[in-house]
1. Given labels modelled 7 Å from the Cα in the Cβ direction, how far is it in nm from Glu98 to Asn145?
2. Post the alpha-carbon centroid distance, the range 39-62 to the range 263-289, in whole angstrom.
3. Given R₀ = 51 Å, what would the calculated FRET efficiency be for Arg429 paired with Ser123, taking r from the Cβ atoms and rounding to 0.05?
4. Protein chains only, probe 1.4 Å: how do Lys18, Lys126, Lys188 rank by accessible area, largest first?
5. By how many nm would the segment from Glu55 to Ser418 grow when fully extended, if each residue of separation counts as 0.36 nm and the alpha-carbon distance is taken off?
6. Tell me, in nm to one decimal, what length is gained between Gln407 and Asn115 on full extension, where the rule is 0.36 nm per residue of separation less the Cα-Cα distance?
7. Residue by residue, what Karplus-based ³J(HN,Hα) values in Hz, rounded to whole numbers, does the range 205-211 have, using 6.51, -1.76 and 1.60 with θ = phi - 60° and x for Gly and Pro?
8. Taking a ≥ b ≥ c as the square roots of the eigenvalues of the Cα gyration tensor of the range 176-230, is the shape rounded (a/c under 1.5), prolate (a/b larger than b/c) or oblate?
Amino acid sequence: MMSLEDRASGVSREPLSKFVCTIGPSSSSLPALESLLEAGMSVALIKSCLMSTDEILQTVRDIREAVNMYSAQINRAYPLALALEIKGQTIHTGQLFEGGTIEIPEGSNLILTTNEDWKSKGSSEKVFIGCPQKMDYLDQGTEINIDNGEILLNVDYIMGEERRHSNILIVAKLQNKLVDENIENIVKQADAIILVRDALSVEMSGERIVSVMDNICSMCKKLGKPVLLEGGVLSSMSSGKDPSLLEVQDVVTCQRIGFDGFVLGDVTANGSNPAKCLKEIVSICCQAESSSWQSHSFHKLVTPTAKPIDPAQAIALSVVETASRIAAAAVVVITTSGASARLISRYLPRMPVIAVTSHSRVARQLAIWKTVLPYHYVAPEVKDWQTNIDLRLQAGIDLGKSKSIVQPGDPLVLLSNSRPGTGFTNTMRVFYASQADPWLNITSEFINQPVYKPEQNSTGDVVQQCPYLLQAACVSSDEKASEPEIII
């Protein structure tokens, strides 16, 4: 058992930060992918602008095959998230009737339709648009720019059934000076943020970039959104060199500013040793995290207000405070949708949050949240509710033990459901890990449950969730303040 002083000063065995690896020629083979998984890759990033649709789908198949192979090796499902970088799309209107021109007075109504019958019959009342997927994300009050931004439309109402892609996360990439004017709106709309530092350096001074980095991190922490840094991260390792002192210091500084993780670009896509680079940044972050808890940020987030906070947030805050006061080795939370784990992560815990879920998609998407260590629980449910809860908590503890996060005698904070379903994660307990295994009073017939089930290695769901794969991206980098990525 570690003392409070030892735990506060010791180097973490498991990184709390997240690591996105760009997949390219150097990292697309099965052995290279397995090496990255072993080194701690959280998200595999595919850049659609560099590949054809067939190449993208084949890369997805290879990544999933590598995940299945590595999962079988470690005897548990490895929850790797898959990100696809895409360009934002422009809205192309159809032709006007007989090639004429129209005038749209301010305050008038205009119908935008995806019905191809109107493709060449546009009028001042109705105009065709050739981007049906764009309609999926419109809501009342959404603003739309047409005619190269000369005309601003405000959505009044939407006719017909919309198709929503609610099972994917949208990650915004911020890479030019326009983000400085729209930071708050972008952070509110996106599920996570990636700041491309080297792209910003083309249009901003160094001093301004530092200010923007600090503002974005503060905004993301306030709204509970993950924020990652891309650009110039251990770039010298692309040629096989060891990182310089300045590069190491840069990673530590960015981690202390408030970034939740890093996006490795050319060093993993085209570098001479992608796995070595990933291991290096994992080691740096483990060292930095052991001595850089941002207590000022935590107290800023929990400053008392006149308004009562949401009960779920109050529970998450209590979990983090309790875990910090008793120097818990880990927090183990049972979650259905992932919301409880995300809330706990928002309050900057100093220890890993082991999130146990029976949904593979939830486990994969939690991989982008700092401190969260997702665990995909695949064993069948048992009839007794409390036994079912204890089995899942035990699975989380076992994961902590296998990663040397939890040792016998370590205090643990457990958060579980009071009843089945989403929204009932409200029961907090404090336990000490025992020398015996299992530590819970579980009937022996339930101990040896399956812990790994290979996922289907197909790409049909990727195409279904991401119809943009079938369309050409046609927006240049200077037309948008951010480029979306999709986490699946």
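The values are calculated or read from the model by the stated rules, or taken from the named source; none is laboratory data. Remember, predicted model here, so these are calculated numbers, not experimental data. Counting neighbours? That spans all protein chains shown, and the Cβs are built from the backbone with ideal geometry, glycine included. We work out accessible area using only protein heavy atoms, side chains counted, and drop any ligands, DNA or RNA first. Shrake-Rupley method; radii C 1.70, N 1.55, O 1.52, S 1.80 Å.
1. Placing both labels 7 Å beyond Cα along the Cβ direction yields 3.4 nm.
2. 18 Å
3. Numbers: r = 66 Å, r/R0 = 1.29.
Approximately 0.20, to the nearest 0.05.
4. Values: Lys18 20, Lys126 50, Lys188 110 Å².
So the residues, ranked largest to smallest area, are Lys188, Lys126, Lys18.
5. Working: separation 363, 0.36 × 363 = 130.68 nm, distance 4.62 nm.
Contour length minus the Cα-Cα distance gives 126.1 nm.
6. Working: separation 292, 0.36 × 292 = 105.12 nm, distance 6.25 nm.
Here the answer is 98.9 nm.
7. Once θ is set to phi - 60°, the couplings for the range 205-211 become 6, x, 5, 5, 4, 4, 5 Hz.
8. Values: a/c = 1.82, a/b = 1.74, b/c = 1.05.
Since a/c reaches 1.5 and a/b is larger than b/c, the shape of the range 176-230 is classed as prolate.
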